[in-house]
Amino acid sequence: MLTLTYLRERRDSVISSLAKRGLDVTGSVDRILELDASRRGIQKDLDDTLAESNVLSRKIGELMREGKREEAEGVKSATSGLKEKTGTLRDKMSSLENEVHELLSHLPNTPSDMVVAGKSAEDNEEVGSWGEKPDLGDHNKPHWDIAKEKDLIDFELGSKVTGAGFPFYKGKGAKLQRGLIRFFLDYADDAGYTEYIPPLMINAESGFGTGQLPDKEGQMYHMPVDDLYMIPTAEVPLTNIYRDTMVNASDFPIKLCGYTPCFRREAGSYGKDVRGLNRLHQFDKVEIVQIQHPDKSAETLDSMVDHVKGLLEALELPYRILRLCAGDMGFTAAMTYDFEVWSAAQERWLEVSSVSNFETFQSNRLKCRFKGADGKNQLVHTLNGSALALPRIVAALLENHQDADGVKMPKALVPYVGFDRI
RNA sequence: GGAGGUGUGGCAGAGUGGUCGAAUGCACCGGUCUUGAAAACCGACGUACCUCACGGUACCGGGGGUUCGAAUCCCUCCACCUCCGCCA
């Protein structure tokens, strides 16, 4: 969430910045500023009225102490009008505040200067790539066929027990999942991230803190009985650790990671692209999160990008890196790099990681601050990235590394899975 | 699930209707002293909003209520602790 101060001071640049996302927010920005202005007027009134009645109250206290009951009663009667006035002003204040907050919480983050304008994936910039697309020749089965032949993943069984998009992993398929998770976590551990095993359900405050609510309400599984949401990513519980906290400037950077299953309703995505492991309702992911000083977050984002590069190269998967255009970025991000691996049999790129800097957008919602050099409290920067999401990695591993009689495991993975071929 | 208790500033911990935004101790910050440090002493020391400023207002787990006035009384929700029951 943008801060009101920022919006007040930088109205024009907010509008032009969000125009890069293809949004015209002039109306709602001006509405916010207008409501805020009248809120301030009301507050002045309210504060004055309260000050007035505080004076009278103090006076009554004095008179009572001096035993002048009758005089006190006289002053009391003078307060009734004030009381009524504060009541109505208070109501006005809070309804204005709510309205401002509502509008403000629906404004997406402003893209960084480096981010280009654009509406869709078409406009994303490719900023790096690695590896060669393998030539599969005759051995070019899509991963769902390999998974079936080798009995690694059972999609139909998942449909029976739960529903589409909830597969069972089995035998070497399950071991591959476990090995990948452990490989990713060890790699993050080596990079100085502290591992957490967070709750898989979160409350609405946490959903708001990282920006899933209200923007992505319909994309999360919700348990109405207890009003809890299944996490769509470990980002939510991990980042919310720091909700309502003051962090010590000397603790920067704070680095956390965690493996969790992730749950997404994926409402609205039907048809193609959902075959096999391409899009699931439940999938496994290791997430890395950093809390950083505002001056350092840009370089931190780069270091997180390098982290993901290292993982993909160890897995011997050709990838490309995209800097998302403004319109393709998530609601909360100021800058995002997506990693896509080449899926050799499907002959398409699959997104396997998204690394973002949210700057102060989340920390403002989270109320996560530190004491700056000038002694004033300021908002931290938050960042996170997938390192990595499993299903599409598995898809690419199976497809890219297949040969005449199976699938060869990349060297780095062999100690983790305990076999070198499937 | 049943019974009871607790929730105050970074931490500890006073405060049961008016002079309490809140004693005291610790931590932190600035200064004196010192070659330097420690100790000692002095000072500053919560957050947010409004105001050019002086200053004002709100906040003692969250929300609501009583009252001229609430950290203090009442209701409710939440969290934690203790005991009992149940269960992995």
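The values are calculated or read from the model by the stated rules, or taken from the named source; none is laboratory data. The structure presented is a predicted model; accordingly, all values stated were derived computationally and were not measured. As a convention, Cβ positions derive from the backbone with ideal geometry for all residues, glycine included, and neighbour counts pool all protein chains shown.
Pairs, please: C-beta under 8 Å, at least 6 apart or cross-chain, first residue assigned by TED's automatic domain parsing to the domain that holds A:ASN98 and in the stretch A:37-56, second within 6 Å of RNA strand B (Cβ to nearest atom) and part of a helix (DSSP H, G or I)?
Between residues of the stretch A:37-56 that are assigned by TED's automatic domain parsing to the domain that holds A:ASN98 and residues that are within 6 Å of RNA strand B (Cβ to nearest atom) and part of a helix (DSSP H, G or I), the close pairs are A:SER53/A:THR79; A:SER53/A:LYS83; A:LEU56/A:THR79.
Name the single residue that is nearest to RNA strand B (Cβ to nearest atom) among those in the stretch A:345-376 being at positive phi and free of Cβ contacts under 8 Å to residues at least 24 places away in the same chain.
By that ranking, first place goes to A:GLY375.
Among the candidates A:VAL75, A:VAL55, A:VAL100, single out the residue that is out of contact with any Pro (no Cβ under 8 Å at 6 or more places or on another chain) and closer than 30 Å to A:VAL25 by Cα. Talk me through it step by step, then tell me what you get.
On the way: A:VAL75 fails: closer than 30 Å to A:VAL25 by Cα; A:VAL55 fails: closer than 30 Å to A:VAL25 by Cα.
Testing whether each residue is out of contact with any Pro (no Cβ under 8 Å at 6 or more places or on another chain) and closer than 30 Å to A:VAL25 by Cα leaves just A:VAL100.
Could you say whether any residue in the stretch A:65-72 is more than 30 Å from A:VAL305 (Cα to Cα), within 11 Å of RNA strand B (Cβ to nearest atom), free of Cβ contacts under 8 Å to residues at least 40 places away in the same chain and within 42 Å of the chain's Cα centre (by Cα)?
no
If I ask for residues that are part of a loop (DSSP other than H, G, I, E, B) and more than 18 Å from A:LEU388 (Cβ to Cβ), which ones from the stretch A:168-191 would you list? Please lay out each step first, then the result.
So the first thing to find is which residues in the stretch A:168-191 are part of a loop (DSSP other than H, G, I, E, B), and the list is A:170-171, A:191.
Selection gives A:LYS170, A:GLY171.
When the residues of the stretch A:30-46 are filtered to those that are farther than 14 Å from A:SER94 by Cβ and hydrophobic (A, V, I, L, M, F, W, C), which remaining residue is surrounded by the most Cβ atoms within 10 Å (Cβ to Cβ)?
Checked the stretch A:30-46; the qualifying residue surrounded by the most Cβ atoms within 10 Å (Cβ to Cβ) is A:ILE32.
Checking the conditions here, which among A:THR49, A:THR3 is within 13 Å of RNA strand B (Cβ to nearest atom), surrounded by 12 or more Cβ atoms within 10 Å (Cβ to Cβ), farther than 18 Å from A:LEU103 by Cβ and polar (S, T, N, Q)?
Just one listed residue meets the conditions, A:THR49.
Quick grid of which residues meet (1) closer than 20 Å to A:ARG365 by Cα; (2) of a type in the set (A, V, I, L, M); (3) at pLDDT below 90; (4) surrounded by 13 or more Cβ atoms within 10 Å (Cβ to Cβ):
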site	(1), (2), (3), (4)
A:MET223	no, yes, yes, no
A:VAL236	yes, yes, no, yes
A:MET246	yes, yes, yes, yes
A:LEU256	yes, yes, no, yes
A:TYR259	no, no, no, yes
A:CYS262	no, no, no, yes
A:ASN278	no, no, yes, yes
A:GLN282	no, no, no, yes
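Exactly one of (1) more than 21 Å from A:THR110 (Cα to Cα); (2) out of contact with any helix residue (DSSP H, G or I) (no Cβ under 8 Å at 6 or more places or on another chain); (3) near RNA strand B (Cβ under 8 Å from one of its atoms) is unmet by A:ILE60. Its number?
It fails just one condition, (2).
Could you pull out the residue among A:LEU398, A:LEU413, A:LEU379 that is crowded, with 23+ Cβ neighbours inside 10 Å and either over 30 Å from A:LEU277 (Cβ atoms) or touching a residue at least 12 places away in the same chain (Cβ under 8 Å) (or both)? Before the answer, list the steps.
Numbers: A:LEU413 fails: crowded, with 23+ Cβ neighbours inside 10 Å; A:LEU379 fails: crowded, with 23+ Cβ neighbours inside 10 Å.
Within the list A:LEU398, A:LEU413, A:LEU379, the selection yields A:LEU398.
For (1) touching a Cys at 6+ places or on another chain (Cβ under 8 Å); (2) within 30 Å of A:LEU2 (Cβ to Cβ); (3) not assigned by TED's automatic domain parsing to the domain that holds A:GLU299, each residue gets a yes or a no:
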site	(1), (2), (3)
A:LEU82	no, no, yes
A:LEU89	no, yes, yes
A:PRO111	no, yes, yes
A:TRP130	no, no, no
A:LYS133	no, no, no
